[in-house]
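Okay, so here's the structure we're looking at.
All of the numbers you see were taken from the coordinates with simple rules; none came from a lab. Only a predicted model underlies this, so the values are computations on that prediction, with no experimental measurement involved. Virtual Cβ from ideal backbone geometry, glycine too; neighbours counted across all protein chains shown.
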Amino acid sequence: MSLGEDDQTITDKVNQPHVLSHPSSPPPQHPVVKMVLAELRAQRGIALPLVAMNLSWFAKTTITTAFLSRLGELNLAAGALGLSFTNVTGLSVLNGLCGAMEPLCGQAHGAKNIKLLHKTHPMTTLLLLMVTIPISFLWLNIDKILILLGQQQEIAIVAKSYVSYLLPNLVVTSLLCPLRAYLSSQCITLPTLFCSAISLAFHVPVNILLSKVMGLRGVAMAVWITDLVVVILLATYVWILECSKRNGSRWKEGGWWDQNIIDWIVLLKLCGSCCLNTCLEWWCYEILVLLAGHLSSAKQSLGVLAIVLNFDYLLYSVMLSLGTSVSTRVSNELGANQPGQAYRSACVSMAIAIITGSIGSLVMVAARGTWGAVFSHDASIIKGVKKMMLLMAFVEVFNFPLNICGGIVRGTARPWLGMALDWCC
């Protein structure tokens, strides 16, 4: 190299801009870490409001049980048996049938298919309302059914009185479930959270008033009255959302009543598997309550189970939220033709399920010494709750991942896989 070339090289180096290094800048993230953090942020916006909403929802069940316990041992046992019967024969069926909305509306939202999104909501609502008719006949004959199954006659008669005043809850639930699914499939969860919080705030004073005036029947009425408040608020929000100019007045895009026979066949196929899947999850717990009624100390056993299951409902609310969140994410990504992102969402959700399941189990073990005293002063019931919660804590470690698997297959519109998994486990 000549001297002139050396001078030119030195000149070029001097003229190059000097880039200052910033020691405080974070190191570049690994692609896997970056992907996980992005997915956590995406699910946070869906899951956290759903967790809070479901916690408030199941807190209402805890409040109802607390008011039943104040009415005496017989009312607590009959109310617990009545709640289990309504969950097994009614609410689990309605919630399960509505589960078909998650893949249909979720994938429609991902594909920007507004007409499919619109037509699915009234179809599901009409289906649920039709199903409430045979369920009502079961509820009206609960005393005969319970006695036939070997339950004590005294408890069965009081349970009928409680369930008879819960009948309007079938219609309210048939309207409420599709509204919640319609919004959550579009990643809209905050309105449902706020409406549930308002309902929970009303639940306590309504229970105080009606339990004093009507006793056991008033506690039953308080359940569907506060749920009706949520239906009115959510229906108003959906109407405002659809007519909003900011959303392009989606109401005008139509599709609400464009159903045909093929749409009904697709919905019914999904409804069957989703319903069986949900029922299997709910029945595993509720059948325990029905079996407890056969024991010699039925009142005490039913009281113990009612108290333990109330804590488990709180954990189930977290489980349910995570399952709905991953179902929404998977269905949205598949609808947008992004199967790789859907797979990553499923993997991250499974990791979250294992962690939250372990945490929930530890919380249940830690709370087992004090939870029973919140509901009862009976030493035998408190002792029974303490033993039962230790067993349930072990079960929850496996329940969380199992529920998330169900959410993943729902998002892929293959709920029958979740049903097969529940049967095997």
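General remarks:
- Computed over the chain with a Gaussian network model linking Cα atoms closer than 10 Å, the most mobile of Gly407, Gly335, Gly215 is Gly215.
- Volume per residue of the convex hull around the Cα atoms, evaluated for region 87-196, comes out as 98 Å³.
- Cα point-scatterer Debye curve for region 36-145, base-10 log of I(q)/I(0) at q = 0.10, 0.19, 0.20 Å⁻¹: -0.48, -1.12, -1.16
- For Met101, Met392, Met123, Met35, order by how many other beta-carbon atoms lie within 10 Å, fewest first: Met35, Met392, Met123, Met101
- In plain terms, the residue of Asp263, Asp258 with the fewest other Cβ atoms within 10 Å comes first and the most crowded comes last, giving Asp258, Asp263.
- Pairs of Cα atoms nearer than 8 Å and 6+ residues apart set the relative contact order; for region 30-424 it is 27 percent.
- log10 of Debye I(q)/I(0), alpha-carbon scatterers only, for region 315-425 at 0.11, 0.12, 0.20, 0.22 Å⁻¹: -0.44, -0.50, -0.96, -1.07
- Here region 219-367 is treated as an ellipsoid with the same Cα gyration tensor; its semi-axes, largest first and in whole Å, are 36, 24, 18.
- Hydrodynamic radius of region 154-293 per Kirkwood, over alpha carbon pairs, in Å: 18.1
- Kyte-Doolittle at least 0.5, axis length at least 27 Å by Cα - qualifying DSSP helices, the chain: 31-70, 114-140, 190-214, 216-243, 261-292, 298-335, 339-367, 379-411
- Alpha-carbon centroids, region 320-373 and region 132-160: separation in whole Å: 36
- Cα centroid separation - region 383-411 against region 161-191, whole Å: 24
- Sorting Ser349, Ser164 from the fewest to the most surrounding beta carbons within 10 angstrom yields Ser164, Ser349.
- Mean ellipticity per residue at 222 nm, deg cm²/dmol - from DSSP H runs of n ≥ 4 across the chain, formula -39500 (n - 2.57): -28000 deg cm²/dmol
- Share of pairwise Cα separations in region 30-424, more than 31 Å, in percent: 36
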